[in-house]
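Okay, so here's the structure we're looking at.
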Ligand code: NAD
Ligand code: 022
Ligand code: ZN
Ligand code: ZN
């Protein structure tokens, strides 16, 4: 079939909206009509050429929601008409990783996904002249229609609005999941969140959900304060306005250090501050931010010897097919909020404006509606 898509032709160039060829679903695959897609950082990271593993040409986008159109041979868990959210972290429920409760990093389709291909090693997308186009993070939601492995789709309730729940495909689940699934934060805890963007705000609402007593937000941009307060931030710190070292200031503010800190900036200096602002003896720091390629973190080992832990999380530690439908329910039940974070809605033709807004720090989340 033919579908309209925003294609990343090469690094550093804007996306080009065009008609492309899409082959139907093969064994274990599903054809999905994408109804809405969020524009997230890593799409920009890849398009800019900063990602050394970025592949071209490709159809980017990893945060979406849509409807099953057709299922390939052997697909049992989905049928046409089902509402789904694509997963850049699959859940096969049978690999060594899925069987280990300590991780959400299913490896079933990991290598082909990283190469921009479907599990059989080929692409379903091509230019009208036949040039193959690669998939991206197993999702390629910047296309009106896309093909994914069955294990890379979460089936969700049908009354949930696509233009909001698409954000659960990355930002919402990553932020809330980092609190609930990775940190397993307890009622009454104190926490610090570094970076109050599309991920940090969701960490904050995850902490509120978990019953945290103190939620300190740290950001260089005071324009983020109002929204963060709305989602549960109790204290705000602008590092540019703190005299002297930030660590003792934060330790003092949290009465000895935080039980949990979260980096949602991707800045390695911030990651060090986040670790060192943890409480001696038990504080845990969770890295969510993806740092530039080749970047390294450092601290004195004594920080760990004295009982602080450094951890990281992908997709908030969520197991997509199991946990994403629950997060959609939480949204529909009013336990979590999404709408105020979707600051812009665009047509596919204007997708490059969404990248500009993100670049300028003007949007929390821009969503493309098909
Ligand atoms: P964003 O740009 O919307 O927000 C980042 C915020 O950090 C901004 O408000 C900015 O002002 C603030 N900031 C930047 N430098 C700072 C500093 N030195 N001190 C304090 N605040 C600072 O980005 P986002 O969409 O929220 O994403 C945050 C990070 O999370 C990115 O690195 C992204 O790649 C990563 N991410 C990781 C996962 C995962 O699974 N691990 C998933 C999604 C996103
Ligand atoms: C999503 N991310 C950033 C902004 N939006 C993001 C980027 C990378 C990861 C998670 C979220 C990530 C963390 C750990 C891994 N990835 C590796 C997982 C593994 O090896 O099993 C990651 C993922 C997918 C891809 C690359 C890196 C890919 O499909 N190309 C989950
Ligand atoms: Zn993302
Ligand atoms: Zn698996």
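Considering the stretch 328-364 alone, what residues qualify as being in contact with a strand residue (DSSP E or B) (Cβ under 9 Å, 6 or more places away or on another chain), part of a helix (DSSP H, G or I) and more than 12 Å from residue 38 (Cα to Cα)? Full working, then the answer.
Restricting attention to the stretch 328-364, the residues satisfying the condition of being in contact with a strand residue (DSSP E or B) (Cβ under 9 Å, 6 or more places away or on another chain) are 328-329, 338, 341-355, 357-358, 362-364.
Narrowing the set further to residues that are part of a helix (DSSP H, G or I) leaves 328-329, 341, 348-355, 357-358.
328, 329, 349, 350, 352, 353, 357, listed by residue number.
Go through the residues of the stretch 297-313 one by one and say whether even a single one is within 16 Å of ligand 3 (Cβ to nearest atom) and assigned to a strand (DSSP E or B).
yes
Looking at this structure, is residue 367 touching a residue at least 24 places away in the same chain (Cβ under 8 Å) and not in a strand (DSSP E or B)? Reasoning before the result, please.
Values: touching a residue at least 24 places away in the same chain (Cβ under 8 Å): yes; not in a strand (DSSP E or B): no.
Considered against the rule, which asks whether it is touching a residue at least 24 places away in the same chain (Cβ under 8 Å) and not in a strand (DSSP E or B), residue 367 comes out as no.
Please determine whether any residue of the stretch 184-195 is away from ligand 2 (no atom under 16 Å from the Cβ), modelled with pLDDT of 95 or more and closer than 27 Å to residue 66 by Cα.
No, that holds for no residue.
Among the residues in the stretch 25-32, are any exposed (fewer than 15 other Cβ atoms within 10 Å of the Cβ) and either over 24 Å from the mean Cα position of the chain (by Cα) or assigned to a loop (DSSP other than H, G, I, E, B) (or both)? Don't jump to the end; show me each part of the working.
Keep residues of the stretch 25-32 that are exposed (fewer than 15 other Cβ atoms within 10 Å of the Cβ), which gives 27.
Subsequent filtering for residues that are either over 24 Å from the mean Cα position of the chain (by Cα) or assigned to a loop (DSSP other than H, G, I, E, B) (or both) retains 27.
Yes, the stretch 25-32 contains a residue that is exposed (fewer than 15 other Cβ atoms within 10 Å of the Cβ) and either over 24 Å from the mean Cα position of the chain (by Cα) or assigned to a loop (DSSP other than H, G, I, E, B) (or both).
Of all the residues that make up the stretch 208-253, how many are buried (at least 17 other Cβ atoms within 10 Å of the Cβ) and on the phi > 0 side of the Ramachandran plot?
Within the stretch 208-253, residues that are buried (at least 17 other Cβ atoms within 10 Å of the Cβ) and on the phi > 0 side of the Ramachandran plot number 1.
Name the residues in the stretch 333-356 that are over 17 Å from residue 64 (Cβ atoms) and either surrounded by 19 or more Cβ atoms within 10 Å (Cβ to Cβ) or in contact with a helix residue (DSSP H, G or I) (Cβ under 9 Å, 6 or more places away or on another chain) (or both), would you?
The answer is 335, 336, 337, 339, 340, 343.
So residue 295 passes all but one of these: (1) closer than 26 Å to residue 63 by Cα; (2) touching a helix residue (DSSP H, G or I) at 6+ places or on another chain (Cβ under 7 Å); (3) surrounded by 21 or more Cβ atoms within 10 Å (Cβ to Cβ). Which condition number does it fail?
Of (1) closer than 26 Å to residue 63 by Cα; (2) touching a helix residue (DSSP H, G or I) at 6+ places or on another chain (Cβ under 7 Å); (3) surrounded by 21 or more Cβ atoms within 10 Å (Cβ to Cβ), only one is false for residue 295: (3).
Restricting the stretch 79-110 to residues that are buried (at least 17 other Cβ atoms within 10 Å of the Cβ) and touching a strand residue (DSSP E or B) at 6+ places or on another chain (Cβ under 7 Å), which is farthest from residue 158 (Cα to Cα)?
This residue is 109.
Show the residue pairs that are 6+ apart or on different chains and have beta-carbon atoms under 6 Å apart, the first residue being within the stretch 37-55 and within 22 Å of residue 131 (Cβ to Cβ) and at pLDDT 90 or above, the second being more than 9 Å from ligand 2 (Cβ to nearest atom) and part of a helix (DSSP H, G or I).
none
So, of the residues in the stretch 83-104 that are in contact with a helix residue (DSSP H, G or I) (Cβ under 6 Å, 6 or more places away or on another chain) and in a loop (DSSP other than H, G, I, E, B), which turns out to be farthest from ligand 4 (Cβ to nearest atom)?
Within the stretch 83-104, the match that is farthest from ligand 4 (Cβ to nearest atom) is 87.
Could you tell me whether the stretch 231-243 includes any residue that is touching a helix residue (DSSP H, G or I) at 6+ places or on another chain (Cβ under 6 Å) and part of a helix (DSSP H, G or I)?
yes
Six or more apart or on different chains, Cβ atoms under 6 Å: show the pairs whose first residue is in the stretch 295-312 and closer than 13 Å to residue 280 by Cα and whose second is part of a strand (DSSP E or B) and modelled with pLDDT of 95 or more.
Taking only residues 6 or more apart or on different chains, the pairs are 308/278; 309/284; 310/285.
Check whether at least one residue in the stretch 62-69 is within 16 Å of ligand 4 (Cβ to nearest atom), surrounded by 21 or more Cβ atoms within 10 Å (Cβ to Cβ) and closer than 21 Å to residue 312 by Cα, and report yes or no.
Looking through the stretch 62-69, none of the residues is within 16 Å of ligand 4 (Cβ to nearest atom), surrounded by 21 or more Cβ atoms within 10 Å (Cβ to Cβ) and closer than 21 Å to residue 312 by Cα.
The values are calculated or read from the model by the stated rules, or taken from the named source; none is laboratory data. Predicted model, so just to flag it, every value in this text is computed and none were measured. With ideal geometry, Cβ positions are generated from the backbone for all residues, glycine too; neighbour counts draw on all protein chains shown.
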